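Read-outs throughout are calculated quantities, based only on the coordinates presented, and are distinct from any laboratory measurement. Source: prediction; values computed, not measured. In this analysis, Cβ positions are derived from the backbone assuming ideal geometry, glycine residues included, and neighbour counts consider all displayed protein chains.
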Amino acid sequence: MKKIILIAALVLSQHGAMANEAGSLSDLFPGSVINPEFVINEGDPGPDALEIETLIHDKNIVMESSEFKIKWTELGYGAITEKVIIPELANHTVFNHRNNGEEGPCLRSYRMQGDDPIEEPQSLLVNIQIKNQYLINEEKRICKVSMVEVVSTEISGTVFEHVYSKDMGFRYINDCLKN
């Protein structure tokens, strides 16, 4: 019996059914008991889900004035906003921080057009952080994971930032509870 279960698990994993392995094995072997600890539950964790973030990468880079440009533009946001464009940033980030039509990845401020001009610095200290975000609902046995990359700098007291988040799917609840 153990050999049959092992062979069935191998066949299912070869066909991309690993996430539904427990349910598929139950279908193959009616009356068998599958441990719920080993089932990935997918769905909405709900508004009461516990949110945990863990920092997995934190890096600072220095960009010289020839490597960035500060400008007012409406590209990517539909309203005029002040951005710092940093083409070299693409070599240091995981996700795409370039808005469609821009010359390179950019960070946005929330300054209004007409605010006092910012004095362009000789260099920028840019911080890049990557975090795993877990939304955990123990009652539903759901753990949804996202990866979030935050790129930021400060110029003359004004924060410029770009955040990109990517849904990474679901994990076994016990793996998430370890975080």
Expected sort for Met112, Met63 with the fewest Cβ neighbours (10 Å cutoff) up front is Met112, Met63
Determine which residues of region 91-128 fall in the zone a paramagnetic label at Ser65 would reach in this model, i.e. backbone nitrogen under 16 Å from the point 7 Å along Cα→Cβ. 118-125
Can you give the FRET efficiency to the nearest 0.05 for Ile80 and Glu138, using r as the Cβ-Cβ distance and R₀ = 30 Å? 0.10
For Asp115 and Leu177, what does the FRET efficiency come to when R0 = 45 Å and r is the distance between their Cβ atoms, rounded to the nearest 0.05? 0.45
Report the Cα centroid-to-centroid distance between region 40-64 and region 118-179 in angstrom, as an integer. 5 Å
Check: region 50-177 dipole with +1 on Lys, Arg Cβ and -1 on Asp, Glu Cβ, in debye: 520 debye
